[in-house]
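Right, one structure below, let's go through it.
Any read-out appearing in this document is the output of simple, stated calculations on the displayed coordinates, not a laboratory observation. This is a predicted model, so every value here is computed, not measured. We place every Cβ from the backbone using ideal geometry, glycine too, and count neighbours over all the protein chains shown.
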Amino acid sequence: MFELPKILYSYDSLEPYFDAKTMEIHHTKHHQAYTDNLNKALEGVDVSNMSIEQILSEIDMNNMPLRNNAGGYYNHKLFWELLSGDKTSISQPFENVIIQSFGSIENLKESFTKAALSRFGSGWAWLCKKEDGSLEIVTTGNQDNPLMPGIEGGTPILALDVWEHAYYLKYQNRRAEYIENFWNIVNWNKVTELYEG
Ligand code: MN3
C-alpha cells in the first residue's frame, strides 16, 4: 500500500509564488486521490518488493488506471521535493554540466519555460539526466513521465506540473506567470542531488 507522501515544509512556505490554499488542495485532494487510486489499481497485484520507480519502468501503458495514478503518485512526490521556500544553490560541477548542455542557467530556464508553455492541455515539463550524463528537456501529457516505457528523456531531476489545478486559484489561465514564479522556489539543492546522486 502506498501512502500520501509527506511534504517537509508548510503549505504557506512557498508564498507568495505558490499560495497555501493551492498547495493544500493539490496535496490533500489531488495527490491523495492519485495515491488512493494507485492502491486500487494495484489490488491483487504483489508489488511488495517494488519501488514506484520500478513499477513505472515496467508499467503496461494500456492499463490506464495504473498508468494515470502511478504517474500521478510519483510525479507529485517528486514535485514537492523539488520546491523550497529557502535559498538553495547549484553545485559548481552541476553548473558546468548545465553550461555544456544549454550554454547558461538562463538558457536552461528559458528552454524549460518554453517547453512547459508549449505542452497543450494537462501535463508536465521535465529536466532529465540522460545515460551519458547530458541534460534534456521533455514534456509529457496527463500524468505520464520519462520513467515509463517508450517515453524519452532519462531520469527526471526537475519537474513542473502544468495541469490547471496546479495554478488556477492564484493565476487562473496565466500559465506563463505561474512558470515565471516557479523559478523563485526551485530547490536547486535537490536538483543537484538528483543529478549527482
Ligand atoms: Mn498536479
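Worth pointing out:
- Within region 30-117, GluC sites (Glu not before Pro) in DSSP loop having at most 14 other beta-carbon neighbours inside 10 Å: 43, 58
- Selection from 26, 54, 171 lying farthest towards where the dipole of the chain points positive, charges on Cβ: 171
- Taking the Cα centre of the chain as origin and assigning +1 to Lys and Arg Cβ atoms and -1 to Asp and Glu Cβ atoms, the resulting dipole is close to 420 debye.
- Equivalent-ellipsoid semi-axes for the chain (Cα gyration tensor, √(5λ), whole Å, largest first): 25, 21, 16.
- The distance separating the Cα centre of region 80-129 from that of region 132-172 comes to 11 Å.
- Cβ charges +1 (Lys, Arg) and -1 (Asp, Glu), total dipole of region 127-178, debye: 240 debye
- Taking every alpha-carbon pair under 8 Å whose residues sit at least 6 apart, the chain reaches a relative contact order of 25 percent.
- Extension reserve of the residue 51-residue 155 stretch, reckoned as 0.36 nm per residue once the Cα distance is removed: 36.0 nm
- Cross-link pairs 87/170; 77/109; 40/114; 21/109 - those with Cα-Cα distance over 31 Å: 40/114
- Evaluated with a Cβ-only charge set (Lys, Arg +1; Asp, Glu -1), region 1-105 carries a dipole of roughly 140 debye about its Cα centre, given to the nearest 20.
- With a simple spin-label model that places each label point 7 Å from the Cα along the Cα-to-Cβ direction, the separation between residue 180 and residue 10 comes to 2.9 nm.
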